[in-house]
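FYI, it's all coordinate maths here, none of it is from the lab. Note that the coordinates shown come from a computational prediction; the quantities given were computed from them, not determined experimentally. Here the Cβ positions follow ideal geometry from the backbone for every residue, glycine too, while neighbour counts run over all protein chains shown.
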Amino acid sequence: MNSGFDYGKAMAELEEIAQKVEDPSTALEDVDKLIKRSNDLVAACHAYLRTIRDKVYENQEDLRD
C-alpha cells in the first residue's frame, strides 16, 4: 500500500468525477476515461480501508494479550 495515499483526496476526486460523468456536456470518450480512473480510485480506497481494518484488529488483539 502506498504510504502517500490520501483517502480524503481520493474521495474528493471521486466526487468530482461523478459530477463530470453526470454532466451532459462531457464527451463519451471522457466518460470512459473518468470511469476507468474512478475504478482505480475505488480499488485504492478499498485497499487503504482494508489496511486500516487490519491494523485495528491487530491493536485489539494486542490489547487482549
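Condition check: out of contact with any Leu (no Cβ under 6 Å at 6 or more places or on another chain) and surrounded by 10 or more Cβ atoms within 10 Å (Cβ to Cβ). Does ASP62 satisfy that? No. Residue count for segment 47-65, restricted to those that are more than 16 Å from GLY4 (Cα to Cα) and touching a helix residue (DSSP H, G or I) at 6+ places or on another chain (Cβ under 8 Å): 0.
With more than 13 Å from the chain's Cα centre (by Cα) and surrounded by 10 or more Cβ atoms within 10 Å (Cβ to Cβ) as the only criterion, which of ASP6, ASP40, ASP54 stands out?
Working: ASP6 fails: more than 13 Å from the chain's Cα centre (by Cα); ASP40 fails: more than 13 Å from the chain's Cα centre (by Cα).
Answer to the selection: ASP54.
Residues in segment 12-28 that are in contact with a helix residue (DSSP H, G or I) (Cβ under 7 Å, 6 or more places away or on another chain) and assigned to a helix (DSSP H, G or I): 5 in all. Across segment 20-41, the number of residues qualifying as among the polar types (S, T, N, Q) and within 22 Å of GLY4 (Cα to Cα) comes to 2.
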